[in-house]
Amino acid sequence: MSIQWFPGHMAKARRQVEEKLKLVDIVFELLDARLPLSSRNPMIDDLVKHKPRLLLLTKCDLADERGNKAWLDFFHSQGMSALPVDAKTGKGVGQIQPASEKLLQPLFATREKKGIRSRQVRAMVLGIPNVGKSSLINRLAKRTAAVTGDRPGVTKAQQWIRIGKTMELLDTPGILWPKFDDSEVGLRLAASGAIKEEILPLEEVALYAVNYLSDRYPQFLAERYKLKDLSLSGVGLLTEIGKKRGCLQKGGEINFEKVAEILLNDLRSGRIGKVTMEMPGDWHSDGGVEADGQNDS
Ligand SMILES: Nc1nc2c(ncn2[C@@H]2O[C@H](COP(=O)(O)OP(=O)(O)OP(=O)(O)O)[C@@H](O)[C@H]2O)c(=O)[nH]1
Ligand SMILES: [Mg+2]
């Protein structure tokens, strides 16, 4: 999948994060619970090495329970602090403060040695576009302090937001990296809604999604679109969905763009079911994605 990127924007984003990092005590790195490694920006890892970091697996309500558990075990086994959160209902959000305080114990101890009793904390919220940074901040702040939206690229500039008496959070624009080493990573990000629609090969993304669903969650496809034959190829499945949903164009041909829109909207909103788009076992130990032929049509 080829996507047009803007390296100038990336360099600027990196600079802005670097500047503000000096001011914060902890970083909240938001990963999409449905695709935690694909949504992990390697640049953040590189930049944030020396700060306490809490991984927050967002949209855990859209991912499947088994997947959430597998990913938490995965990150914990790597010695990372990670929590699942759902900014829609607030589930898990109450755990953020205690988990942060635990990570900040060394900082508080150093402050006390210097005679500073303050528990004031500044945190930076980082993550790819549309992962739920601003929504989570609003939950923590218990008010609409940041603009949110059902598309990537909503937050345009950094903004400090006060949370209660002891915390200040920096909301940041989502950052994607300019080149994906693995095309499956790009397809998963696209399927999740992290990439602007205007630059997506929508039908290619839908084909990837339908193949993945027919492999891992065939019952969801069967139920949502009343499909009988799930042994069909990816194109065959999209054709059937198109027929069921009346996505026809002049001459009775299937309008695949329309089918792609329906499928991706259903997937992103969770209407299709709770879907985890990758499991820890799909990744090699070297960080690459397992090639399992799911791209075959
Ligand atoms: N189901 C569900 N939806 C969520 C959750 N968190 C955020 N969303 C939705 O995801 C979309 C994106 O949320 P934002 O908070 O704007 O995401 P962001 O990371 O700030 O995005 P940018 O500012 O574009 O980088 C919105 O439609 C939110 O309602 C969640 O935990 N569960
Ligand atoms: Mg935002």
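Each value in this text was obtained by applying a stated rule to the coordinates, not by laboratory testing. These numbers were taken from a predicted model, which means no experiment stands behind them. Quick reminder, even Gly has a Cβ in these numbers, built from the backbone with ideal geometry, and neighbours come from all protein chains shown.
Under the shape rule built on the C-alpha gyration tensor, where the axes satisfy a ≥ b ≥ c, the chain is prolate, since a/c reaches at least 1.5 and a/b is greater than b/c. This model, with +1 at the C-beta of Lys and Arg and -1 at the C-beta of Asp and Glu, gives the chain a dipole about its Cα centre of some 1880 debye.
Determine the alpha carbon to alpha carbon distance for each of K20/K49; K12/K142; K12/K88; K22/K51 and list only those over 21 Å. Check vs 21 Å cut-off fails for K12/K142; K12/K88. Under the rule a/c < 1.5 gives rounded, and otherwise a/b versus b/c splits prolate from oblate, where does segment 1-118 land using the Cα gyration tensor? Because a/c hits 1.5 or more and a/b fails to exceed b/c, segment 1-118 counts as oblate. Taking every alpha-carbon pair under 8 Å whose residues sit at least 6 apart, the chain reaches a relative contact order of 20 percent. A simple packing score, the average count of other Cβ atoms within 10 Å per residue, orders the peptides 64-71, 259-266 as 259-266, 64-71, with the highest score first.
Per-residue ellipticity at 222 nm, computed for the chain from helices alone with -39500 (n - 2.57) per DSSP H run of at least four residues, works out to -12000 deg cm²/dmol.
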